[in-house]
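The values are calculated or read from the model by the stated rules, or taken from the named source; none is laboratory data. Just so we're clear, the structure is a prediction, and the values are computed from it rather than from any experiment. Glycine gets a Cβ as well: all are built from the backbone with ideal geometry, and neighbour counts include every protein chain shown. Just so you know, the surface numbers come from the protein's heavy atoms only, side chains and all, with ligands and any DNA or RNA stripped out. Shrake-Rupley method; radii C 1.70, N 1.55, O 1.52, S 1.80 Å.
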Amino acid sequence: MTKSTKYLFSALVILAILAIAKFSAGSCSRSSSLKQDIASPGHYSQLEIAKEIDPSQRPNSIMKSYEGFTVMFNPDNHTPDWVGWELLGNETDGESSRSNKFWHDDEVRGCGFTEDYRNAGFDRGHLCPAADQKWSPEAMQDCFVLTNIAPQDHALNSGAWSTLEKKERLWAKRDSAIVIVAGPVYRDDDRQRIGSTGIRVPSAFYKVLLAPYTDSPRAIGFIYPNMKCTGNMENYACTVDEVEELTGLDFFSNLPDSLENFVESHKRFKEWNQ
């Protein structure tokens, strides 16, 4: 049984549960019974995560779910618009070792090839990282698909981006689970392309995180230029609203409006990083 199938039933009820949560402008609170209902991770299947972002925002893009994550792939840029997944605390450790076998998905129009990155000056940067997929051999294999990859500066990939990924695993353990969406950021003047496929190089990368199972649900965004990023992680933190403004995407749109508006307008970095 795949992770998507396993959690499908619980995914169908999570938004109904959240919708009856008591919420005020200053805080988000629940009754003890409601807290108990949603405190267990695994409510978000890949289907539910996909529903959190309106596909009509990218009408020419292609959505596909893999084991452990979902991709909205842009065939014109040859990179994903976004990759979304739920990281459970008990998925941060596992026996599946990193495969390093990147592969082309011939079912997805515009998917690049490993040769496109050869001598191109960029890493094959994961959006959903391999270290989040150690819980399953199939998930580990799938995360090396080139629809989950974008050209990333090596200094970013091995530096600040890697540091954020490690923090996310710590946060998933602490908070039972977190929902993560990541993708490239393109400006109109981002014209550099690599390989015979013409994979477009982004000027930055974003991530938005949601902790839905804490006493007070919270969300945060991060934006990193596609270059060496020095200094404190907090320097790159922002609200989800700011990421939405930059990308034109609407994240976590299935949350109740009052809850969505609150978590997306507050970055609360110190609460995340305590």
#### Entry: Condition met for D116 (open to solvent by less than 20 Å² (accessible area, probe 1.4 Å), within 15 Å of the chain's Cα centre (by Cα) and either modelled with pLDDT of 95 or more or of a type in the set (K, R) (or both))
no
### Task
Could you please give the count of residues in the range 149-167 that are assigned to a helix (DSSP H, G or I) and either surrounded by 21 or more Cβ atoms within 10 Å (Cβ to Cβ) or among the aliphatic types (A, V, I, L, M) (or both)?
5
#### Entry: Filtered residues of the range 233-274 (kept if surrounded by fewer than 19 Cβ atoms within 10 Å (Cβ to Cβ), more than 15 Å from I223 (Cα to Cα) and in contact with a Phe, Trp or Tyr (Cβ under 6 Å, 6 or more places away or on another chain))
S258, L259
### Query
Any idea how many residues of the range 173-203 are touching a helix residue (DSSP H, G or I) at 6+ places or on another chain (Cβ under 7 Å) and over 30 Å from G89 (Cβ atoms)?
5
### Message
Being open to solvent by 10 Å² or more (accessible area, probe 1.4 Å), of a type in the set (D, E), in contact with a Ser or Thr (Cβ under 7 Å, 6 or more places away or on another chain) and under 27 Å from T247 (Cα atoms) is the requirement here; does E107 meet it?
### Response
no
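When you check A219 against the structure, is it within 18 Å of S61 (Cα to Cα) and surrounded by 17 or more Cβ atoms within 10 Å (Cβ to Cβ), yes or no?
No, not satisfied.
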### Summary
Across (1) closer than 18 Å to D250 by Cα; (2) assigned to a strand (DSSP E or B); (3) open to solvent by 10 Å² or more (accessible area, probe 1.4 Å); (4) without any contact (Cβ under 8 Å) to a residue 40 or more places away in the chain, R124 clears everything bar (1)
### Query
(1) in contact with a strand residue (DSSP E or B) (Cβ under 6 Å, 6 or more places away or on another chain); (2) open to solvent by 10 Å² or more (accessible area, probe 1.4 Å); (3) at pLDDT below 95: which one isn't true of A211, the others all being true?
(2)
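Counting only residues that are of a type in the set (G, A, S) and under 22 Å from F69 (Cα atoms), which one in the range 168-197 is most open to solvent (accessible area, probe 1.4 Å)? Quick ask: steps written out before the conclusion?
Quick first cut of the range 168-197, residues of a type in the set (G, A, S) only: 172, 176-177, 182-183, 195-196.
Narrowing the set further to residues that are under 22 Å from F69 (Cα atoms) leaves 172, 176-177, 182-183.
Values: A172: 0, S176: 46, A177: 0, A182: 0, G183: 0 Å².
My answer is S176.
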### Task
Please specify each residue of the range 72-111 satisfying the condition of being under 17 Å from E138 (Cβ atoms) and part of a strand (DSSP E or B).
V83, W85, E86, L87, L88, W103
### Task
Could you check K134 against (1) surrounded by fewer than 17 Cβ atoms within 10 Å (Cβ to Cβ); (2) modelled with pLDDT under 95; (3) basic (K, R) and say which number it fails?
(1)
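Table: residues versus (1) within 28 Å of P212 (Cβ to Cβ); (2) in contact with a Leu (Cβ under 8 Å, 6 or more places away or on another chain); (3) of a type in the set (K, R).
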| site | (1), (2), (3) |
| --- | --- |
| R109 | no, no, yes |
| T114 | no, yes, no |
| Q133 | yes, no, no |
| V145 | yes, no, no |
| D153 | no, no, no |
| G159 | no, no, no |
| A172 | yes, yes, no |
| D175 | yes, no, no |
| I180 | yes, yes, no |
## Note on the structure
Among the residues of the range 55-105, the number that are under 24 Å from S253 (Cα atoms) and of a type in the set (S, T, N, Q) is 8
### Extreme residue, nearest to F73 (Cα to Cα), among residues of the range 127-148 that are of a type in the set (S, T, N, Q) and in a helix (DSSP H, G or I)
T147
